[in-house]
Amino acid sequence: KVFPPMNFLEFIWAKDKYLSVFQKKQIPISPTLIVSKYSTTKILGDIQKKGWKQFIIKPVGGTVAIGVQRFKLNQCLQNPLLITNYFDEHKDYYPKFLIQELISGFTKYGEIKMFWINEQYSYAVNTIDKGSGDQDQYTVKPVTNEKILGRCQEIGEKTLQLLPKIKVNNKIVKPVLVRTDFTCCQGNKQHTPNNYFL
């Protein structure tokens, strides 16, 4: 007996699943390539088509940034072994990987972590990593910009409606606690509330 039930937890843990659902339902997310077959030529071609100059690869099922690596497209085109070696190192541990454009605002503006209790907004904090290299030095502060807060709440409310329903004794109950995370700026555009994404 587990609460929340496994279907709810698996949806949240499986980034490829929830990103696919959110993308179909037009929740603002970072455009994502989901790969399980590792053709370096195809991956680099897809990234070129999207116009990403820098990108990250992260494993589905990874946590606390384990397996997350940044790449520059021009370096990978000159030396495709950078991509091949990444997958050779990680493919035995993870079945799928996400490839996304590197969002520069993530470092500059941090991440808004928004907490929902019984599907009601409770509070939000902005965490910014001021560390360098392997050093994590997070600052945590309240979100004071009402327009940004309102935009993130709007996205968060739509997101909560797409989560699997929780049934206990054949009765649907609300999740006790959910956290939604947001950052700016989608597509590396300017810093405005409309360019925040889940």
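Give the distance, in whole Å, between the Cα centre of the stretch 119-196 and the Cα centre of the stretch 29-99.
Here the two parts' Cα centres lie 25 Å apart.
List the Cys residues of the chain that have no partner Cys with a C-beta closer than 4.7 Å.
Cys76, Cys152
Suppose we look only past 13 Å in the calculated P(r) of the stretch 27-78. What percent of the Cα-Cα pairs does that tail hold?
64
For the chain, what is the mean residue ellipticity at 222 nm derived from helices alone (per DSSP H run of n ≥ 4: -39500 (n - 2.57); sum divided by total residues; nearest 500 deg cm²/dmol)?
On the way: 7 runs with 67 residues, N = 198.
Roughly -10000 deg cm²/dmol at 222 nm, from the helical runs in the chain.
Under the rule of at least 5 residues apart or a separate chain, name every residue whose amide H is placed under 5 Å from the amide H of Val60.
Lys96, Phe97, Leu98
Could you work out how much longer the chain between Lys25 and His191 gets when fully extended? Use 0.36 nm per residue separation minus the Cα distance between them, nm to one decimal.
Numbers: separation 166, 0.36 × 166 = 59.76 nm, distance 2.38 nm.
The Lys25-His191 span can extend by a further 57.4 nm.
How much area per residue is accessible in the stretch 1-145 when the probe is 1.4 Å and only protein heavy atoms are counted (Å²)?
Per-residue accessible area for the stretch 1-145 comes out at 63 Å².
When Lys and Arg each count +1 and Asp and Glu each count -1, what net charge do the other residues less than 14 Å away from Ile12, Cβ to Cβ, add up to?
Here the count lands on +1.
For the chain, with all protein chains present and a 1.4 Å probe, just round the carbon and sulfur fraction of the accessible area to a whole percent.
Here carbon and sulfur together make up 51 percent of the probe-accessible area.
HN-Hα J couplings of the stretch 94-105 from phi, Karplus 6.51/-1.76/1.60, θ = phi - 60°, integer Hz, Gly and Pro as x?
Karplus values, whole Hz, x for Gly and Pro: 9, x, 9, 9, 10, 10, 9, 4, 6, 9, 5, x.
Taking the stretch 24-92, which chymotrypsin sites (Phe, Trp or Tyr not before Pro) meet the DSSP loop condition and have no more than 15 other C-beta atoms within 10 Å?
Those satisfying the criteria are Tyr38.
So if the hydrodynamic radius of the stretch 134-198 is defined as the Kirkwood radius over C-alpha pairs, what does Stokes-Einstein give as its diffusion coefficient at 10 °C and 1.306 mPa s, in µm² per second? Don't skip to the end; give the middle numbers.
Working: Rh = 14.3 Å.
In µm²/s, the coefficient is 111.
Report, in cubic angstrom per residue, the convex hull volume of the C-alpha atoms of the stretch 49-198.
With only Cα atoms used, the stretch 49-198 gives 155 Å³ per residue.
Which residues make up the longest stretch of the chain that has no trypsin sites (Lys or Arg not before Pro) in a DSSP loop with at most 16 other Cβ atoms within 10 Å?
Counting only loop sites that pass the neighbour cut-off, the longest clear stretch is 54-90.
Under 8 Å for C-alpha pairs, at least 6 residues apart: give me the relative contact order for the chain, rounded to a whole percent.
Computed over the chain, the figure is 24 percent.
The values are calculated or read from the model by the stated rules, or taken from the named source; none is laboratory data. Quantities reported herein were computed from a predicted structural model and do not represent experimental measurements. Cβ sites come from the backbone with ideal geometry, for glycine too, and all protein chains shown count toward neighbours. SASA here: full protein model, heavy atoms, side chains in, ligands and nucleic acids out. Shrake-Rupley method; radii C 1.70, N 1.55, O 1.52, S 1.80 Å.
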